[in-house]
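To keep things clear, I will list the structure first and then write my remarks on it.
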Amino acid sequence: MSLKSLTVLAGILSVSAGSFLQSDEYQVPLISGSSRRPNIVFILTDDQDLHMNSLDYVPFIKKHLIDQGTLYKRHFWKAAHNTNVTDIFPPYGGYPKFVAEGHNENYLPKLLQDVGYDTYYTGKLFNAHTVDNYHSPHAAGWTGSDFLLDPFTYSYLNATFQRNQDPPVSHEGEYSTDVLACKALDFLDDAVAASKPFFLGIAPVAPHSNVQSNVISNGSVHDPHGIVFPPRGTPIFSPMPLSRERTTSIPRRLRALQAVDELVDSVVSRLEEYGILEETYIFYTTDNGYHIGHHRLQPGKECGYEEDINIPLIIRGPQVPEGKVAEIVTTHQDLVPTIMSLAQAPLRADFDGLAIPLTEEDFGDAAKTRHEHVTVEYWGFAASEGPWGYFGRNESFVFNNTYKALRVVSKEYNLYYSVWCNNEHELYDLNTDPGQLNNLLHEESQSISLLGLPIEKIVSRLDSLLHAMWTLCAAHFHRDSTVSISNNKFELNTRVARWVIL
């Protein structure tokens, strides 16, 4: 997870800014007719891809969640370890910034406790949540907590956890995800014993790359292939043989997910033992995706391409269709409104997102009214991973990786548009170019038309939408906006404004 990812969880976990709802326009709860509010288990992995088919290698997740719930194939991150817990765009700056902005008293666990939920959490909560500042102040709102702390968060065999108000404890020599699984099951036992509806957040770091080396050897043995042979690859976008790095990185990522798969099985089994599985919603997602060699890039997750931003979201629970693959557009900003709606609490006027459709009836309504666009942004430096990344031989990173982007998806069009800090622009039509290989704004593509319009007209309209989205976000007016692109006009509609650009 990068600096931006302080944002999914805190995102799921904080609240503020964004979409506009009048005080008398709160959404009704998603699921009605039940006097008992459901339990909620939220599992957040770290850097799990969708487009390299990681979900094909997790049989328990398939058995318990995909086959028994709904997979949202068009789910996008907007910066994770903040957005998930706050429902707002990232404050940028990790846990200290989160506290300084006042969110520690106004985010998901506090809101859930206000409506009668017990709240538990184990794993990574924020970036820059460290062994030095974990108590300055303690993260508020948790009935029980056991957080992973920097600088040991991504050390799989030397993790440090900090429980409730206790001092940090090192788990050197123990595998981080297995330790986390035990803590999650302990909290599940506590939650059931309390006989109250509960929220349980579980955030393993897998399959994030290991940041602090855990080599169990004297370090004197070198990889002979790494010395004799240079990295193999090709500097073009065309199909290419796997490099040595990819053939080792991909299996390691999948092995890291094996422990997460077993964690999911143990949690589902424990819920079943207690007889509460069918009254519990289970969310499974990740903070951002991942690329390995795509677009001629070193391994990483900090670009706006589909491999990085389109990520898994699976939801299982009462009335959620089994084995369904949903086509609607959803984002991390939608997670807090969804959870609060399940808790039968009114949705606040300052939520950025919309509750995610969960039932067949919801899906029918969403097909007529739900937004078809999502904004994506990144601020500041970015570091690639792998042997030639920031922690590898080159110690290289991009000083300014700032961009803003739009994904616009409908039955008629499927576009990605981005503007970089150096004024470079990219536009891809994913219906005809799913690999995002042909930038329609390249000088050789300027004569191409798109959607029956010259490229420059499409770009001017996307620029208008991108500007309007971010401007309206600051004014708390953007959530209900819709975009329509046709042969003769582009429309942006919100509850408070309407533009038609001919």
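Values quoted throughout were computed directly from the atomic coordinates according to the rules given, and no laboratory measurement underlies them. For clarity, every value in this text was computed on a predicted model and none was experimentally measured. Cβ sites come from the backbone with ideal geometry, for glycine too, and all protein chains shown count toward neighbours.
Assorted remarks:
- When you count the other C-beta atoms within 10 angstrom of each residue and take the mean per peptide, 332-342, 163-173 line up highest first as 332-342, 163-173.
- Rounded, prolate or oblate (a/c below 1.5 giving rounded, otherwise prolate when a/b exceeds b/c) for segment 377-469 by Cα gyration tensor: prolate
- Each Cα pair under 8 Å and six or more residues apart adds its sequence gap; the mean of these over the residue count of segment 377-469 is a relative contact order of 16 percent.
- Cα gyration tensor shape of segment 315-463, rounded if a/c is under 1.5, else prolate or oblate by comparing a/b with b/c: oblate
- Legend: calculated FRET efficiency, Asp178 to Trp420, from the Cβ-Cβ distance at R0 = 41 Å, rounded to 0.05, equals 0.50.
- For peptides 142-154, 365-377, 252-264, sequence by mean Cβ density within 10 Å, most packed first: 142-154, 252-264, 365-377
- Pairs over the 28 Å Cα-Cα cut-off, from the set Lys124/Lys368; Lys73/Lys301; Lys324/Lys457; Lys63/Lys97; Lys110/Lys411; Lys324/Lys368: Lys124/Lys368; Lys324/Lys457; Lys63/Lys97; Lys110/Lys411.
- Extreme residue, positive dipole direction of segment 264-374, given options Gly323, Ile292, Thr369 (C-beta unit charges): Ile292
- Packing-based ranking of 278-288, 199-209 yields 199-209, 278-288, ordered from highest to lowest mean Cβ neighbour count within 10 Å.
- Annotation for Gln165 and Ile276: the two label points, set 7 Å from Cα along the Cα-Cβ direction, are 2.5 nm apart.
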